[in-house]
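Participant: Sharing a structure here in structure tokens format.
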Amino acid sequence: MKATIYTLSSALHDSKRVENHAREFLQQIQQYTTIQLRMTDPVDEFWEAEGFKLLFVLTGGTEGQFAQHFASGVFGNQPIYIITSGVDNSLAASMEILSYLNGKGYCGEILHGSAQYIASRIETLLKLSAASDYLRGKTLGIVGDPSDWLISSGVDEQELFNQMGILLCRIPMQELLDAMPKEPSEDSVKKLKPCSSQYFNGALCIYEGLQALVEKYSLSGLTLRCFDLLTSVRNTGCLALALLNSEGIPAACEGDIPALVSMMVSQALFGVSGFQCNPSLINPTEGTAIFAHCTLPIDMVSDYSYDTHFESGIGVALHGILPEGPATLFKVSGDLKRYYAQDIEIIENQYDRNRCRTQILISAPGCDKYFFRNPIANHHLVVAGHHADEIKQLLANYSSFVK
């Protein structure tokens, strides 16, 4: 990995001294990171270079230079990260530049402090940049329309493309039915534990049908109006979605597009799509909640068993055991104006026949205020590890989200 750095300095300063200081400071930062830091000039070459980019403001009196470069459009719409040092009014000039950017609605950040701190921050920002690059250009499939009860789970398709570079591809349910084989392949059967359910083979046929759509339309993720399968093939998509999610294809239930976008964010940052679930019970006094759903990525669990789909009592759903410990609960709104992210703890796995099949009890103090007053619909994601800060930092780079 590498980062290209463009420097700004005033002609009023001793150019040789300033350049030597810049190289020494970057060498100190380089000691704490494996990312290759490289200075370049002119600015056009800088912005055309591949990889992550940083601006190093070496001295004061550089604000006008930056404004000229910015007006020419060479910085594009990407966030601008500014390295500063503790000499030659570098920090003061950087604050003026960042204020100028913020006033025009652009994102940025000043990287100031010890060499070790700046190196750590560069590594984090590079990860966030890679996540944004991952999302850009992806196509997501919408197989069937969103379920009728998702009355607050629409999506602004234009904003989704403008902000994240994601396209939606709408696929009629009949196309899935036509793509499903009559019997599953032996390879599909071998991916799972043996199952005696009469619905098992049919559930895998749904999986192979969705696989065919992924290949046909070059999909990076999909969401399925799964309840229609109850009448058309008398089966459910729970097992199919579980397999796709475990294979790096985020797959959401019920045609929920905002949930799918949230799963894509998780995939981009953490390499897993997350457990799409909804709250079944919230205890505001204890700060706990039970979340449940009938499908989840198989690669998220330590073990799993088979059950039926909760509402219908047919099909093959999963009762999974998620590792206890740190986790993150989050959701992105369909208009890309809001998000919710909170570090939580998975306390224990539960099982109640009157809930969806995978059930976790979590500790999330204060979550009742969000869920009871202004929730982003019902489905949310749970991802292992505390990642709320990373999610917030990534989404802060998109101008549509209300800061």
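The values are calculated or read from the model by the stated rules, or taken from the named source; none is laboratory data. Keep in mind that this is a model prediction, so the values were computed, not measured. Reconstructed Cβ throughout: ideal geometry from the backbone, glycine too, with neighbour counts over all protein chains shown.
Participant: I'm trying to understand the selection: among the residues of segment 274-295, which are touching a strand residue (DSSP E or B) at 6+ places or on another chain (Cβ under 7 Å) and in a loop (DSSP other than H, G, I, E, B)?
Facilitator: Gly274, Gly287, Cys294, Thr295
Participant: Please verify whether segment 76-87 includes one or more residues that are assigned to a loop (DSSP other than H, G, I, E, B), touching a Leu at 6+ places or on another chain (Cβ under 8 Å) and either in the same structural domain as Glu123 (by TED's automatic domain parsing) or among the polar types (S, T, N, Q) (or both). Reasoning before the result, please.
Facilitator: Of the residues in segment 76-87, the ones assigned to a loop (DSSP other than H, G, I, E, B) are 76-79, 84-87.
From what is left, the residues that are touching a Leu at 6+ places or on another chain (Cβ under 8 Å) are 84-85.
Imposing the further condition that a residue be either in the same structural domain as Glu123 (by TED's automatic domain parsing) or among the polar types (S, T, N, Q) (or both) reduces the set to 84-85.
Yes, segment 76-87 contains a residue that is assigned to a loop (DSSP other than H, G, I, E, B), touching a Leu at 6+ places or on another chain (Cβ under 8 Å) and either in the same structural domain as Glu123 (by TED's automatic domain parsing) or among the polar types (S, T, N, Q) (or both).
Participant: Follow-up question, since we're still on this one. Quick one: is Thr59 without any contact (Cβ under 8 Å) to a residue 40 or more places away in the chain, touching a Ser or Thr at 6+ places or on another chain (Cβ under 6 Å) and not hydrophobic (A, V, I, L, M, F, W, C)? Spell out the reasoning first.
Facilitator: Values: without any contact (Cβ under 8 Å) to a residue 40 or more places away in the chain: no; touching a Ser or Thr at 6+ places or on another chain (Cβ under 6 Å): yes; not hydrophobic (A, V, I, L, M, F, W, C): yes.
Spelling it out, it is not the case that Thr59 is without any contact (Cβ under 8 Å) to a residue 40 or more places away in the chain, touching a Ser or Thr at 6+ places or on another chain (Cβ under 6 Å) and not hydrophobic (A, V, I, L, M, F, W, C).
Participant: Has segment 296-319 got any residue that is part of a strand (DSSP E or B), in contact (Cβ under 8 Å) with a residue 40 or more places away in the chain, among the aliphatic types (A, V, I, L, M) and under 18 Å from Ala251 (Cα atoms)?
Facilitator: Scanning segment 296-319, I find at least one residue that is part of a strand (DSSP E or B), in contact (Cβ under 8 Å) with a residue 40 or more places away in the chain, among the aliphatic types (A, V, I, L, M) and under 18 Å from Ala251 (Cα atoms), so the answer is yes.
Participant: Regarding segment 244-254, can at least one residue be identified that is out of contact with any Ser or Thr (no Cβ under 9 Å at 6 or more places or on another chain), farther than 16 Å from Pro297 by Cα and outside any strand (DSSP E or B)?
Facilitator: no
Participant: Something else now. Here's a check for you: in segment 189-215, which residue that is among the charged types (D, E, K, R) and touching a residue at least 24 places away in the same chain (Cβ under 8 Å) is surrounded by the most Cβ atoms within 10 Å (Cβ to Cβ)?
Facilitator: Here the residue is Glu208.
Participant: Let me ask something else about it. On the given criteria, is Gln78 surrounded by 13 or more Cβ atoms within 10 Å (Cβ to Cβ) and either more than 30 Å from Leu224 (Cα to Cα) or of a type in the set (Lys, Arg) (or both)?
Facilitator: Working: surrounded by 13 or more Cβ atoms within 10 Å (Cβ to Cβ): yes; either more than 30 Å from Leu224 (Cα to Cα) or of a type in the set (Lys, Arg) (or both): yes.
For Gln78, the condition - surrounded by 13 or more Cβ atoms within 10 Å (Cβ to Cβ) and either more than 30 Å from Leu224 (Cα to Cα) or of a type in the set (Lys, Arg) (or both) - is met.
Participant: So which residues in segment 340-360 are assigned to a strand (DSSP E or B) and closer than 16 Å to Gln276 by Cβ?
Facilitator: Of everything in segment 340-360, those that are assigned to a strand (DSSP E or B) and closer than 16 Å to Gln276 by Cβ turn out to be Tyr340, Ala341, Ile344, Ile346, Thr358, Gln359, Ile360.
Participant: A follow-up question, please. Can you find, within segment 217-254, the residue that is surrounded by the most Cβ atoms within 10 Å (Cβ to Cβ) among those that are under 22 Å from the mean Cα position of the chain (by Cα) and among the β-branched types (Val, Ile, Thr)?
Facilitator: Filtering first and then ranking leaves Thr223.
Participant: Kindly check whether there is at least one residue in segment 16-35 that is modelled with pLDDT of 90 or more, farther than 20 Å from Ile110 by Cα and among the β-branched types (Val, Ile, Thr).
Facilitator: Yes, that holds for at least one residue.
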